[in-house]
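Trainee: For reference, the structure I am asking about is given below.
The values are calculated or read from the model by the stated rules, or taken from the named source; none is laboratory data. Note that the structure is predicted; figures quoted are calculated from it, not measured. Cβ coordinates were reconstructed from backbone atoms using ideal geometry, including for glycine residues, and neighbour counts include every protein chain displayed.
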Amino acid sequence: MTKKRVSIFASGSGSNAEKFFEYFQNDTEIEIVSVFTNNKSAGVIDRANRFAIPHHVYNRTYWETGETIIEILEKEKVDFIVLAGFMLLIPGGLVKAYPDKIFNIHPALLPKFGGQGMYGMNVHKAVKVAAETESGITIHFVNENYDEGQIIAQVSCAIDSSDSAEEIAKKVLRLEHENYPKVVAEVIRKSI
Ligand code: GAR
């Protein structure tokens, strides 16, 4: 059987991407075939190199139409895309080429604390300011708008009033690492 081929898109450190590299390293049904980043200094590049996974760097202009990206994805026969801290909007053409095949993780319980500008620490600071008693993760399919695609899974964690935004970020990142590859694997396996 041919394995389902997954590409990871990431703009930053890539700690979630690395969890995917580890999780699928010896998988018989799913493999990570490439990484795309818009940031030539992204930590994800070193992590991909350590796992001998090829990466592509394309700056912001290429993500406006996504044409070049789509061509490469087709050449690499990519079946699914995982956004792991990818900070640019996915162009409409790419969403159409991969309907319900692009996953994103958002570090809060959508629909709260989502939308443009809500990424990384901005999210956790807003959660802190709003004095929320819980936060968590949302794994969802990607459509043309930031953080609005169909929700696949949410996992929450309690927040103490004494938690700083950094402490909230740590709790949420732990949930991401524990759940993101597992949830994506379940969805992809169902498609096989
Ligand atoms: C993660 O917390 C992810 O949820 C967030 O960026 C971080 C990337 O960390 N994504 C967003 O905020 C998307 N709106 P990583 O590079 O260590 O995986």
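Trainee: With the requirement that a residue be in a strand (DSSP E or B), out of contact with any Phe, Trp or Tyr (no Cβ under 7 Å at 6 or more places or on another chain) and of a type outside the set (S, T, N, Q), what does the stretch 104-148 give you?
Mentor: If the condition is that a residue be in a strand (DSSP E or B), out of contact with any Phe, Trp or Tyr (no Cβ under 7 Å at 6 or more places or on another chain) and of a type outside the set (S, T, N, Q), then His106, Glu134, Gly136, Ile137, His140 are the ones that fit.
Trainee: Being of a type outside the set (Phe, Trp, Tyr), assigned to a loop (DSSP other than H, G, I, E, B), away from the ligand (no atom under 13 Å from the Cβ) and surrounded by fewer than 13 Cβ atoms within 10 Å (Cβ to Cβ), is that true of even one residue in the stretch 74-82?
Mentor: Yes, the stretch 74-82 has at least one match.
Trainee: If you don't mind, another one. Kindly indicate whether any position in the stretch 111-129 is more than 11 Å from the ligand (Cβ to nearest atom) and small (Gly, Ala, Ser).
Mentor: Checked the stretch 111-129: at least one residue is more than 11 Å from the ligand (Cβ to nearest atom) and small (Gly, Ala, Ser).
Trainee: Return yes or no: is Ile32 more than 12 Å from the ligand (Cβ to nearest atom), at pLDDT 95 or above and outside any loop (DSSP other than H, G, I, E, B)?
Mentor: So Ile32 passes the test.
Trainee: Ile70 fails exactly one of the following numbered conditions: (1) among the hydrophobic types (A, V, I, L, M, F, W, C); (2) in a helix (DSSP H, G or I); (3) within 13 Å of the ligand (Cβ to nearest atom). What is the number of that condition?
Mentor: Answer for Ile70: the failing condition is (3).
Trainee: Only one of (1) without any contact (Cβ under 8 Å) to a residue 12 or more places away in the chain; (2) hydrophobic (A, V, I, L, M, F, W, C); (3) within 14 Å of the ligand (Cβ to nearest atom) is not met by Ala52, so which one is it?
Mentor: Ala52 satisfies every listed condition except (3).
Trainee: Here are the criteria: (1) more than 16 Å from the ligand (Cβ to nearest atom); (2) over 20 Å from Ile151 (Cα atoms). Tell me which single one Lys19 does not satisfy.
Mentor: Result: Lys19 fails condition (1) only.
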